[in-house]
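**Q** The following block contains the structure, expressed as structure tokens.
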Amino acid sequence: MAKFHDKRVLITGGGTGIGRELVHRFLSEGARVVACGRRPGPLVSLQQEHAPLGPRLMTIECDICDPQDVAAMAKRIDGAMGGLDVLVNNAGVEERGKLDDLELRAWDRVMNVNLRGTFLVTQEFLPLLRKAGRGANVLNLSSSLGSVAEEGTLAYSVSKAGLEMMTRCCALDYAREGIRFNALAPGIIDTPMQDRSKGELGYQEWRSQMEQLHPLQSIGMPKDVSAAALFLCSAEADWITGVILHVDGGISAR
Ligand SMILES: NC(=O)c1ccc[n+]([C@@H]2O[C@H](COP(=O)([O-])OP(=O)(O)OC[C@H]3O[C@@H](n4cnc5c(N)ncnc54)[C@H](OP(=O)(O)O)[C@@H]3O)[C@@H](O)[C@H]2O)c1
């Protein structure tokens, strides 16, 4: 039987990049998947791509920073599915800059989405995870920058370090209930989040510079992240909680 047969999975930021690959992988393993994001375009194209699966994929326009949006999404998912087995907090944004050139607006945007938004969604969906009972779990998308500092990444790195601590605190707080919390910390993955850097350097130059940052001398693809994600969210990882799994071509080994 498929690994996630009939499991109910929510993926925030599911319309693009890593989130979109996760939608695809969970669907192919038999899950019922909800993907959310702010822009309708990526969600509509996701629905079109998976049209033959019909009711196994639901898309919802939702800004994870807006408490009303998040509450409405939880109500809709609860009504349609009666609970949630897996929450993947994948939505995230990046702003570059050092202390002296990072605008407060950019700092706030990163903290708002990566930390406050993730907190809001997780808090709102906890009752649905409880309904699913022991084995329900949350996977947070951190970054290698959550623990390895790099120049010009202040706000993003701080937000991901915070997200890793959120993962560990929640892992302890809900361990007795059997609800697991883990995180993935990817290195550079070729997704739309990298479009600005790709545009600045040109694709080939960007790729060769990014490859050199990784001991394995290659960048990651969304499928590298989804393989690790499916393991951590599955019953095979039933005794794993509070873990930050690095999927980073060796960056964290340094
Ligand atoms: N790519 C990398 O190199 C890399 C490395 C390490 C970690 N990560 C992490 O992996 C996760 C996925 O990123 P990605 O690389 O796949 O980039 P991406 O394609 O830009 O995906 C980010 C997704 O988040 C959604 N999102 C952003 N703000 C949102 C909000 N307020 N409410 C709801 N959805 C929101 C976006 O959709 P809308 O704009 O439509 O809302 C988008 O679909 C992020 O947490 C990122 O920090 C990425």
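**Q** What are the residues in region 213-233 that are away from the ligand (no atom under 15 Å from the Cβ), assigned to a helix (DSSP H, G or I) and farther than 16 Å from residue 23 by Cβ, if any?
**A** 231
**Q** Also, quick follow-up: Could you list, in sequence order, the residues of region 21-42 that are on the phi < 0 side of the Ramachandran plot and surrounded by fewer than 24 Cβ atoms within 10 Å (Cβ to Cβ)?
**A** 21, 24, 25, 27, 28, 29, 32, 38, 39, 40, 41, 42
**Q** With the checklist (1) free of Cβ contacts under 8 Å to residues at least 60 places away in the same chain; (2) out of contact with any helix residue (DSSP H, G or I) (no Cβ under 8 Å at 6 or more places or on another chain); (3) among the small types (Gly, Ala, Ser) in hand, flag the one item residue 218 doesn't pass.
**A** Of everything listed in (1) free of Cβ contacts under 8 Å to residues at least 60 places away in the same chain; (2) out of contact with any helix residue (DSSP H, G or I) (no Cβ under 8 Å at 6 or more places or on another chain); (3) among the small types (Gly, Ala, Ser), residue 218 misses just condition (2).
**Q** When you go through 205, 150 one by one, which is the residue that is without any contact (Cβ under 8 Å) to a residue 24 or more places away in the chain, in contact with a Ser or Thr (Cβ under 8 Å, 6 or more places away or on another chain), surrounded by fewer than 17 Cβ atoms within 10 Å (Cβ to Cβ) and farther than 18 Å from residue 18 by Cα? If you could, list the steps in order and put the result at the bottom.
**A** Details: 205 fails: in contact with a Ser or Thr (Cβ under 8 Å, 6 or more places away or on another chain).
After applying the criteria, what remains is 150.
**Q** Can you confirm whether region 69-81 contains a residue that is outside any helix (DSSP H, G or I), under 21 Å from the mean Cα position of the chain (by Cα), closer than 20 Å to residue 13 by Cα and modelled with pLDDT of 95 or more?
**A** no
**Q** On to the next question. Which of the following residues is within 13 Å of the ligand (Cβ to nearest atom) and not hydroxyl-bearing (Ser, Thr, Tyr): 194, 204?
**A** 194
**Q** Is it true that some residue in region 128-147 is among the charged types (D, E, K, R) and within 23 Å of residue 67 (Cβ to Cβ)? Walk me through how you get there before you give the answer.
**A** Keep residues of region 128-147 that are among the charged types (D, E, K, R), which gives 130-131, 134.
Those still in the list that are within 23 Å of residue 67 (Cβ to Cβ) too: 130-131.
Yes, the conditions are met somewhere in region 128-147.
**Q** So, in region 28-57, how many residues would count as being of a type outside the set (Gly, Ala, Ser), within 22 Å of residue 1 (Cβ to Cβ) and either in contact (Cβ under 8 Å) with a residue 24 or more places away in the chain or touching a Gly at 6+ places or on another chain (Cβ under 6 Å) (or both)? Let's see the steps before the verdict.
**A** Filtering region 28-57 down to residues of a type outside the set (Gly, Ala, Ser) leaves 29, 32-34, 36, 38-40, 42-44, 46-50, 52-53, 55-57.
Remaining after also requiring within 22 Å of residue 1 (Cβ to Cβ): 29, 32-34, 50, 52-53, 55-57.
Filter again for either in contact (Cβ under 8 Å) with a residue 24 or more places away in the chain or touching a Gly at 6+ places or on another chain (Cβ under 6 Å) (or both), leaving 29, 32-34, 50, 53, 56-57.
Qualifying residue count, region 28-57: 8.
**Q** While we're on this one: Test residue 175 against the stated conditions and say whether it is of a type in the set (Gly, Ala, Ser), surrounded by fewer than 16 Cβ atoms within 10 Å (Cβ to Cβ) and out of contact with any Phe, Trp or Tyr (no Cβ under 8 Å at 6 or more places or on another chain).
**A** On the way: of a type in the set (Gly, Ala, Ser): yes; surrounded by fewer than 16 Cβ atoms within 10 Å (Cβ to Cβ): yes; out of contact with any Phe, Trp or Tyr (no Cβ under 8 Å at 6 or more places or on another chain): yes.
So residue 175 fits the description; yes.
**Q** Please work out if residue 199 is touching a Pro at 6+ places or on another chain (Cβ under 6 Å) and either surrounded by 13 or more Cβ atoms within 10 Å (Cβ to Cβ) or not aromatic (Phe, Trp, Tyr) (or both). Before the answer, list the steps.
**A** Working: touching a Pro at 6+ places or on another chain (Cβ under 6 Å): no; either surrounded by 13 or more Cβ atoms within 10 Å (Cβ to Cβ) or not aromatic (Phe, Trp, Tyr) (or both): yes.
The answer is no for residue 199.
**Q** Looking only at region 88-117, which residues are basic (Lys, Arg) and under 18 Å from residue 64 (Cβ atoms)?
**A** Start the filter on region 88-117 by keeping residues that are basic (Lys, Arg), which leaves 96, 98, 105, 109, 116.
Matches in region 88-117: 109, 116.
**Q** Against the definition (of a type in the set (D, E, K, R), surrounded by fewer than 19 Cβ atoms within 10 Å (Cβ to Cβ), within 11 Å of the ligand (Cβ to nearest atom) and within 19 Å of the chain's Cα centre (by Cα)), how does residue 248 come out, yes or no? Outline the logic, then answer.
**A** Working: of a type in the set (D, E, K, R): yes; surrounded by fewer than 19 Cβ atoms within 10 Å (Cβ to Cβ): no; within 11 Å of the ligand (Cβ to nearest atom): yes; within 19 Å of the chain's Cα centre (by Cα): yes.
Spelling it out, it is not the case that residue 248 is of a type in the set (D, E, K, R), surrounded by fewer than 19 Cβ atoms within 10 Å (Cβ to Cβ), within 11 Å of the ligand (Cβ to nearest atom) and within 19 Å of the chain's Cα centre (by Cα).
**Q** Looking at region 137-167, which of its residues are within 26 Å of residue 74 (Cβ to Cβ) and over 16 Å from the mean Cα position of the chain (by Cα)?
**A** Passing the criteria: none in range.
**Q** Does residue 183 count as within 13 Å of the ligand (Cβ to nearest atom) and free of Cβ contacts under 8 Å to residues at least 24 places away in the same chain? Before you say what the answer is, go through the steps one by one.
**A** Values: within 13 Å of the ligand (Cβ to nearest atom): yes; free of Cβ contacts under 8 Å to residues at least 24 places away in the same chain: no.
No.
**Q** What pairs come out if I take residues in region 75-102 that are touching a residue at least 12 places away in the same chain (Cβ under 8 Å) and within 19 Å of residue 179 (Cα to Cα) and pair them with residues that are more than 16 Å from the ligand (Cβ to nearest atom) and assigned to a strand (DSSP E or B) whose C-beta lies under 6 Å away, six or more apart or interchain?
**A** Taking only residues 6 or more apart or on different chains, the pairs are 81/8; 84/8; 85/8; 86/137.
The values are calculated or read from the model by the stated rules, or taken from the named source; none is laboratory data. Please read these numbers as outputs of a predicted model, since none were measured by experiment. Glycine also receives a Cβ, built like all others from the backbone with ideal geometry; neighbour counts cover every protein chain displayed.
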